Amino acid sequence: MKKFFAIVFALFLCSCNTGQGSGTPPEENKPPFGWRSAGFTPDPSEINRWGTGLAEITHSKDYIFIMDAAIGKDENSPGYRRAAHRIFISRQGMETWDTLKLPQGLNPLSFYGDSSGLYVGSYVNAIVWHYEPASKKWTNMNIFELKENQGFNVYGITRLNSQLVISLAGFEDTTAVDKLIIAPILLQQSDGTWKDIAPPNTGTLEVPSHLRKAPLHFFAAREWRGDLFVATGEDGVWRYSSLNGQWSKVPNPNQPFWTFLYDGYYTEEVAAQDLTIYNSRLHMIGYMGGIYALNDDLRSWTGIDSIRTSESGVLKSNTPLYPYALASDGEHLFVSGTNSGIPAVYMGYRGEPKGWRHIDKGEWCNPSRWRCLGLSTYDLDVIGDTLYAAAWEGLYKFPLADLDSSIANEESYK
């Protein structure tokens, strides 16, 4: 998750052969089962030096887009590095990837895919471009005209009632001693113009990150029951009403005290990192293991078997200790993160046994292997009949047809 207090640095310093015969086919001729490579593996010599591991995945119809976390040298600030994220494109069923040629001035930070194509939000200059993959055409959405000395990152892109919603955050005056941080949230109107729907009086002065209350902005969002729900990181989940245009904070779920530890500081916030719709309910992923479903009252949450107490009384997480992403195909709920980095699937709404199970079959990682504990899987996407996992070490895919047999003999976490 891209945390808001990194904005100071993000803005200005970083940036198959078939066996024959009636017997069992030889091992090497068995068809693949479970996880397999989707054809994209970062160069091992660059992955840690230049951050070329994968960070995000999205899609538009059968086009697939992935973005890495690459950095590069900052020519304007010798000795510093800047964000230089790259976007790659392929199609479902293919394993060849092309680097997407970006318009001049577009330095990607966020992206969002829907049936119309890909939207890409930029660092620093408040730009959003739309890419139509069939025609390979780029269109500038002209969301924001920067004034002198302003600088804004585009953190989130989504839709509400078919209209685009874009979340920005940055400095009103990048040269001022006391930099006022402001965060427009722009809703596209029917005539194509943009309206700022951010709550009033959310600007704050720059202070140490662990003390600062950032203006409302979001990294992930979902439309649910006609309203917009956004994940803001340290400030939890907020709801924007389509009826009256008002924002309201969704109360945080009850959680063990240890989950309040966030980036070295204790906070009473839930640190909401991702949202998805599953089983007709909004699900939220919080920091250090909490996964919750929003109840019908829109004010309380139900924990999804994600935190438990061991026999010795120690709190443990049933999901990755540091979860990053949620995804659903409508029938299953998936989560990914670090420790372990292999994705897991929730079985709680499908009868017994309840709980989470690792999806560990195939050519990728088994949670019992030590290297899988340190593996980081930052994003998930369900595209057609396949689950894709954007991991630091490459892109992997898992046919959903293999899922039930893959986890049939696995013990439930619960």
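The values are calculated or read from the model by the stated rules, or taken from the named source; none is laboratory data. Owing to the predicted nature of the structure, the values given are computational and were not obtained by experimental measurement. Counting neighbours? That spans all protein chains shown, and the Cβs are built from the backbone with ideal geometry, glycine included.
Please pick out the residue among 321, 375 that is modelled with pLDDT under 90, under 17 Å from the mean Cα position of the chain (by Cα) and surrounded by fewer than 16 Cβ atoms within 10 Å (Cβ to Cβ).
Exactly one of 321, 375 is modelled with pLDDT under 90, under 17 Å from the mean Cα position of the chain (by Cα) and surrounded by fewer than 16 Cβ atoms within 10 Å (Cβ to Cβ), namely 321.
Mind checking whether some residue in segment 401-408 is modelled with pLDDT under 95, closer than 12 Å to residue 320 by Cα, of a type outside the set (A, V, I, L, M, F, W, C) and in contact with a Phe, Trp or Tyr (Cβ under 9 Å, 6 or more places away or on another chain)?
no
Output the number of the condition that residue 297 fails; it satisfies all remaining conditions of (1) in a loop (DSSP other than H, G, I, E, B); (2) modelled with pLDDT under 90.
Condition not satisfied by residue 297: (2).
Checking residue 313 against (1) modelled with pLDDT of 85 or more; (2) over 25 Å from residue 378 (Cβ atoms); (3) out of contact with any Ser or Thr (no Cβ under 9 Å at 6 or more places or on another chain), only one condition comes out false. Which one?
Of everything listed in (1) modelled with pLDDT of 85 or more; (2) over 25 Å from residue 378 (Cβ atoms); (3) out of contact with any Ser or Thr (no Cβ under 9 Å at 6 or more places or on another chain), residue 313 misses just condition (1).
Sort out which residues of segment 153-172 are touching a Lys or Arg at 6+ places or on another chain (Cβ under 9 Å), outside any strand (DSSP E or B) and at pLDDT 95 or above, and write them in order of number.
none
Keeping to segment 173-211, report how many residues are assigned to a loop (DSSP other than H, G, I, E, B), surrounded by 12 or more Cβ atoms within 10 Å (Cβ to Cβ) and modelled with pLDDT of 85 or more.
Qualifying residue count for the region: 6.
Are there any pairs, at least 6 apart or on different chains, whose C-beta atoms fall under 6 Å, with the first in segment 133-161 and under 25 Å from residue 227 (Cβ atoms) and the second surrounded by fewer than 17 Cβ atoms within 10 Å (Cβ to Cβ) and polar (S, T, N, Q), and if so, which?
Note: no pairs meet the criteria.
Would you confirm whether or not segment 1-24 contains a residue that is at pLDDT 65 or above and not aromatic (Phe, Trp, Tyr)?
No, the conditions are met nowhere in segment 1-24.
Is it true that residue 330 is surrounded by fewer than 24 Cβ atoms within 10 Å (Cβ to Cβ), within 23 Å of residue 58 (Cα to Cα) and either at pLDDT 80 or above or out of contact with any Asp or Glu (no Cβ under 9 Å at 6 or more places or on another chain) (or both)?
Considered against the rule, which asks whether it is surrounded by fewer than 24 Cβ atoms within 10 Å (Cβ to Cβ), within 23 Å of residue 58 (Cα to Cα) and either at pLDDT 80 or above or out of contact with any Asp or Glu (no Cβ under 9 Å at 6 or more places or on another chain) (or both), residue 330 comes out as yes.
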